[in-house]
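The values are calculated or read from the model by the stated rules, or taken from the named source; none is laboratory data. Just so we're clear, the structure is a prediction, and the values are computed from it rather than from any experiment. Cβ coordinates were reconstructed from backbone atoms using ideal geometry, including for glycine residues, and neighbour counts include every protein chain displayed. Quick note on the areas: whole protein, heavy atoms, side chains included, nothing else; ligands and nucleic acids left out. Shrake-Rupley method; radii C 1.70, N 1.55, O 1.52, S 1.80 Å.
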Amino acid sequence: MSKHLNLTLKVWRQDGPDAQGRFETYEARGIADDASFLEMLDVVNERLIGENKEPITFESDCREGICGTCSLTINGMPHGKEKGTATCQLHMRKFSDGDHITIEPFRARAFPVIRDLAVDRSALDRIIEAGGFISVNTGAAPEANITPVPKSVADAAMDAAACIGCGACVAACPNSAGQLFTAAKVQHLNLLPQGQAERWKRTEAMVETMEEYFGSCTNHGECHDACPKEISLDFIAYLNRDYIKAKVKNRKLASQS
Amino acid sequence: MIGELKSNVPAGPMEDKWTNHKFSSKLVNPNNKRKFNVIVVGSGLAGAAAAASLGELGYKVQLFTFHDTPRRAHSIAAQGGINGAKNYKNDGDSVHRLFYDTVKGGDYRAREANVHRLAEVSVNIIDQAVAQGVPFAREYGGRLDNRSFGGTQVSRTFYARGQTGQQLLLGAYSALMRQVSLGHVELNVRSEMLDLVVADGRASGVVVRNVVTGQVTAHAGHAVLLATGGYGNVYYLSTNAKMSNVTAAWRAHRRGALFANPCYTQIHPTCIPASDEFQSKLTLMSESLRNDGRIWVPTSHDETRAADQIPEAERDYFLERKYPSFGNLVPRDVASRNAKTVVDEGRGVGPLKNGVFLDFAEAIARDGRPAIEDRYDNLLQMYERITGDDPFRVPMRIYPAVHYTMGGLWVDYNLMSNVPGLFVLGEANFSDHGANRLGASALMQGLADGYFVAPYTVGSYLADLLGKKAPDTTHPAFTESIDQVTDQTKQWLSVKGTKSVDHYHRELGKIMWEHVGMARNQPGLEKAMSEISALHDEFRTNVRVLGSGDTLNQSLEKAGRVDDFFELGMLLARDALEREESCGGHFREEHQDDGEALRDDENFAHVAAWEWTGDGKPQVRHKEELTFDVVHPSTRSYK
Ligand SMILES: Cc1cc2nc3c(=O)[nH]c(=O)nc-3n(C[C@H](O)[C@H](O)[C@H](O)COP(=O)(O)OP(=O)(O)OC[C@H]3O[C@@H](n4cnc5c(N)ncnc54)[C@H](O)[C@@H]3O)c2cc1C
Ligand code: SF4
Ligand code: FES
């Protein structure tokens, strides 16, 4: 049977995008250690509503670590300190009775707070819009098995494609850089044979859009530590390599036309 | 009142229907396409695929989703895979076999012609996804890998680790974002559709609330496509994402669209058992695990030993025992009911005795731990994270949970509802799975509808509108709808009751699960209806929604959704009551032969499509008779 914990929460509350934020303290008593972190907040919210206080706004959807919606900074760490775990997959058995827990939104220049712990991460969509696709209209695809893809290549592409677009990498970065996300997105497509035709154009467009919204990468590696999918830093190295090549190739192409 | 329900299935041999239909469909000339405004609600597989494809064709598309980005729709959570009749394994698969399996798996309650089309386009979906860069699993030779999945005897399931839905959605999302960048699709995120506008007999637009600012706006379109997902969350606890809800479909129902077969709900056999009152959702463990895991419970009711201490002779591998030819791979409904039976007998496992074992010991011994890790690693990790148990050491515990809803808005062969101009795609419609959906077929159906069906059938509908006056938001139907939505929102804030929205949702879920869940009977259903009605009254007068309507207010959003769940729950119970047979996911205890479902083809080989007749009045039941010209109904047997 599960144990129960008494916790003290320091939670960021902010009434709206332009409002001044503040920390509020709540006692969370008798929390079952089988509960997930978000279920713990559900319980706290139920109690707040019971006391006629507005519940804490936080976002989640799948609660299975795959949709990338949940986005809490727990004790200073996006998604908490558990490795390879999104907020929704974090369970209270990782905490101890009497713990003080600070809960904040993902903090980054590109992610304005909407309310309490909810932020706007639509800048990530702008990067995809810039070139995070393979241009193939519906119906224009060849037979799927016509191009063999070596298993190792497919696996590497999948490693990159596993990114859930949560933005923890950005929130963890002292410069609010978007490199790990962008690298994962670019390399997923750049690794595959299908992605070659647009490789250089894609790389340049996505990197430059990223730079409009996000800070610059100075190779701290905090992004990887916070990433719930443990996306490899190697992808950033590949991205940098592809970007340098892309600049040259795209310029050559432009001068030829 | 609605007249006869016309399925509009084209004439001719089954194999030629769709080809002929496409050929005889009206076309819109490329220059005219941009004159048409198409509204798509939902950005899951079905909605993203439809919006992207219509944008590519040149239509002006407006897309609405309440998510913060199209990338996060519930489709993202699908784990196991997607079917495609490619026959890459040379194991005897074909379009015909996929068609046959789906009609049979649906327990002869689906429309044959729709299913055939689904099987036909399944192969195109795989091509499309691969071309988009979906990193499906590969064999060492670089060709696509397949596995067998949930109740089929051929290997036709394509997968991307345990994240197939994620990868397919990212594929559709990338196609969508390309159309956004080209200006063909206007993307409206955090925008919840709260009403369908029907003007002069046609679906002409939607009313939408921006969940961040609370602003309510109207949008006109020549056609409206709902791809808003299923309604499993009427049970509160389900494997669906927390935000999944029935509101878009339900509001369309209230505006005249028929709701078909709501009682066809699917309970998935392999989920992690609930642990306590705080449980907020249930987690699915992909049923691909059943390929290698063996399901068992102790033979004794009073078993207290740890799993590995229980000798072989005192274990009951109940599926293998009862269904020797399919064993652990029987369809979902059969697997679920059998798990319920052993748990009800008191032979459940785990601290609450509410689960059965799914045991990998034999597979690990046979294939080695690395092979099993390679196949299921992220699932096994997820299980360990949630339960704190390591499945390599102790067998997993699983129990059935609500997972998918086969019912939904009624549509004809063109995926158009009885309201002209309203199309319904993906899980939100009732179409292709009959009374039970086979594994790996929902992703297939959502993408079939979105990429390969709607772009043709919507075009054919629009062709007739050329030269006619475009719908616009000055029509009184729009103003009426805006007022109604605005009033409703204020209404929730003014109740000022004592209990939270979640409280009522949870209580509704308990009634549904208890009486309208895996096994149903007349007294239980009647009890459910009276309890739902009483609880709904209490909800409306005693719910507490704090805060205001002009900021992000999650309780306010949920209040409207739960209100709709109450009405749907009522209809679901009624539909279950009136369907006096057992078929697929609908099991009536009165209609069984020693635990095996008894279908009644003579009286119930029809779709029940319910018509809204006004607040407080019971819906009217219409029938669409089903005929089976190719796959002749037989008793499903998996023994
Ligand atoms: C855990 C899990 C695993 C699964 N695994 C598999 C599998 O392996 N294989 C398989 O084939 N199927 C699987 N399924 C089923 C499958 O994932 C779904 O049926 C399918 O993805 C539904 O897609 P959809 O596009 O119809 O709807 P959804 O993906 O649910 O998308 C609905 C969209 O509509 C939007 N929306 C809804 N209401 C409104 C509104 N009022 N206003 C604005 N927007 C709205 C949402 O924002 C969202 O974008 C699984 C399901 C679950 C729960
Ligand atoms: S790279 Fe990791 S942290 Fe960054 S968005 Fe993707 S999954 Fe999240
Ligand atoms: S809620 Fe989906 S990843 Fe956490």
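Can you find, within the range A:50-71, the residue that is farthest from ligand 1 (Cβ to nearest atom) among those that are touching a strand residue (DSSP E or B) at 6+ places or on another chain (Cβ under 8 Å) and open to solvent by less than 10 Å² (accessible area, probe 1.4 Å)?
Among those residues, the one meeting the criterion is A:Ile56.
What do you reckon, is A:Val170 touching a Phe, Trp or Tyr at 6+ places or on another chain (Cβ under 9 Å) and free of Cβ contacts under 8 Å to residues at least 40 places away in the same chain?
no
Considering only residues that are in contact with a Lys or Arg (Cβ under 7 Å, 6 or more places away or on another chain) and farther than 16 Å from A:Asp116 by Cβ, which ones fall in the range A:1-33?
Result: A:Asn6, A:Asp33.
Give the residues of the range A:4-18 that are farther than 15 Å from A:Glu104 by Cβ and not in a strand (DSSP E or B), sorted by residue number.
A:Asp15, A:Gly16, A:Pro17, A:Asp18
Exactly one of these conditions fails for A:Lys53: (1) within 8 Å of chain B (Cβ to nearest Cβ); (2) touching a residue at least 60 places away in the same chain (Cβ under 8 Å). Give me its number.
The single condition A:Lys53 does not satisfy is (2).
Please list, ordered by first then second residue, the pairs with beta carbon atoms under 8 Å, 6 or more apart or interchain, first in the range B:541-553 and under 13 Å from A:Asp116 (Cα atoms), second β-branched (Val, Ile, Thr) and open to solvent by 10 Å² or more (accessible area, probe 1.4 Å).
B:Thr551/B:Val212; B:Thr551/B:Thr213; B:Leu552/A:Ile114; B:Leu552/B:Val212
Condition first: β-branched (Val, Ile, Thr) and open to solvent by 10 Å² or more (accessible area, probe 1.4 Å). Now tell me which residues in the range B:547-564 satisfy that.
The one that is β-branched (Val, Ile, Thr) and open to solvent by 10 Å² or more (accessible area, probe 1.4 Å): B:Thr551.
I'm checking my understanding of the structure. Among residues of the range A:8-20 that are more than 14 Å from chain B (Cβ to nearest Cβ) and out of contact with any Leu (no Cβ under 8 Å at 6 or more places or on another chain), which one is farthest from A:Ile103 (Cα to Cα)?
Restricting to residues being more than 14 Å from chain B (Cβ to nearest Cβ) and out of contact with any Leu (no Cβ under 8 Å at 6 or more places or on another chain), the top hit is A:Gln20.
Do we have B:Leu57 as buried (at least 24 other Cβ atoms within 10 Å of the Cβ), touching a helix residue (DSSP H, G or I) at 6+ places or on another chain (Cβ under 7 Å) and touching a residue at least 40 places away in the same chain (Cβ under 8 Å) here?
Judged against the criteria, B:Leu57 is not a match.
Taking into account only those residues within the range B:234-246 that are open to solvent by less than 30 Å² (accessible area, probe 1.4 Å) and more than 10 Å from ligand 1 (Cβ to nearest atom), which is farthest from the other protein chains (Cβ to nearest Cβ)?
B:Val234
Hey, does the range B:286-308 have a residue that's under 29 Å from B:Leu422 (Cβ atoms) and more than 14 Å from every other protein chain (Cβ to nearest Cβ)?
no
Here are B:His116, B:His74: which of them is within 18 Å of the chain's Cα centre (by Cα) and buried (at least 24 other Cβ atoms within 10 Å of the Cβ)?
None of the others qualify; the one that does is B:His74.
Among A:Ala154, A:Ala162, A:Ala183, which is of a type outside the set (Asp, Glu) and more than 13 Å from the chain's Cα centre (by Cα)?
Checking each option against the conditions leaves just A:Ala154.
Restricting attention to the range B:200-226, and to residues there that are open to solvent by less than 10 Å² (accessible area, probe 1.4 Å) and over 20 Å from B:Leu556 (Cα atoms), which single residue is nearest to the other protein chains (Cβ to nearest Cβ)?
This residue is B:Leu225.
For residues in the range A:27-49 being open to solvent by 20 Å² or more (accessible area, probe 1.4 Å) and in a strand (DSSP E or B), which is farthest from the other protein chains (Cβ to nearest Cβ)?
A:Glu27
What's the number of the condition B:Gly92 fails, among (1) on the phi > 0 side of the Ramachandran plot; (2) crowded, with 20+ Cβ neighbours inside 10 Å; (3) out of contact with any strand residue (DSSP E or B) (no Cβ under 7 Å at 6 or more places or on another chain)?
Condition not satisfied by B:Gly92: (2).
Name the single residue, out of those in the range A:153-193 being facing another protein chain (nearest Cβ under 9 Å) and touching a Pro at 6+ places or on another chain (Cβ under 6 Å), that is farthest from ligand 3 (Cβ to nearest atom).
A:Ala154
Residues to consider are B:Leu194, B:Leu182; find the one that is open to solvent by 10 Å² or more (accessible area, probe 1.4 Å), in contact with a Lys or Arg (Cβ under 7 Å, 6 or more places away or on another chain) and touching a residue at least 40 places away in the same chain (Cβ under 8 Å).
None of the other options fit; the residue is B:Leu194.
Cβ-Cβ below 9 Å, separation at least six or inter-chain, first residue in the range B:447-460 and open to solvent by less than 10 Å² (accessible area, probe 1.4 Å), second part of a helix (DSSP H, G or I) and at pLDDT below 95: which pairs?
Pairs found: none.
Considering the range B:290-321 alone, what residues qualify as being in contact (Cβ under 8 Å) with a residue 12 or more places away in the chain, acidic (Asp, Glu) and assigned to a helix (DSSP H, G or I)?
Once the filter is applied, which keeps residues that are in contact (Cβ under 8 Å) with a residue 12 or more places away in the chain, acidic (Asp, Glu) and assigned to a helix (DSSP H, G or I), the range B:290-321 yields B:Asp308, B:Glu314, B:Glu320.
I'd like the residue in the range A:89-116 that is under 18 Å from A:Asp34 (Cβ atoms) and of a type in the set (S, T, N, Q) and, out of all such residues, is nearest to ligand 1 (Cβ to nearest atom).
The extreme case among them is A:Gln89.
Looking only at the range A:135-152, which residues are among the aliphatic types (A, V, I, L, M) and within 8 Å of another protein chain (Cβ to nearest Cβ)?
Hits for the range A:135-152 are A:Val136, A:Ala140, A:Ala141, A:Ala144, A:Val149.
Scan the range B:247-291 for residues that are among the small types (Gly, Ala, Ser), within 30 Å of B:Asp615 (Cα to Cα) and crowded, with 24+ Cβ neighbours inside 10 Å and report the count.
5
Let's see how each residue does on (1) in a loop (DSSP other than H, G, I, E, B); (2) within 9 Å of chain A (Cβ to nearest Cβ):
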position: B:Gln79; (1), (2): yes, yes
position: B:Asp91; (1), (2): yes, no
position: B:Phe99; (1), (2): no, no
position: B:Ala119; (1), (2): no, no
position: B:Ile125; (1), (2): no, no
position: B:Gly141; (1), (2): yes, yes
position: B:Ser155; (1), (2): yes, no
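So which of B:Arg506, B:Arg540, B:Arg544 is away from every other protein chain (no Cβ under 11 Å) and either open to solvent by 20 Å² or more (accessible area, probe 1.4 Å) or in contact with a strand residue (DSSP E or B) (Cβ under 9 Å, 6 or more places away or on another chain) (or both)?
Result of the check over B:Arg506, B:Arg540, B:Arg544: B:Arg540.
Based on what the data block shows, is A:Pro78 within 24 Å of the chain's Cα centre (by Cα), within 16 Å of ligand 3 (Cβ to nearest atom) and not aliphatic (A, V, I, L, M)?
Spelling it out, A:Pro78 is indeed within 24 Å of the chain's Cα centre (by Cα), within 16 Å of ligand 3 (Cβ to nearest atom) and not aliphatic (A, V, I, L, M).
Tell me which residues, restricted to the range A:97-134, are among the aromatic types (Phe, Trp, Tyr) and more than 8 Å from every other protein chain (Cβ to nearest Cβ).
Correct list: A:Phe106, A:Phe111.
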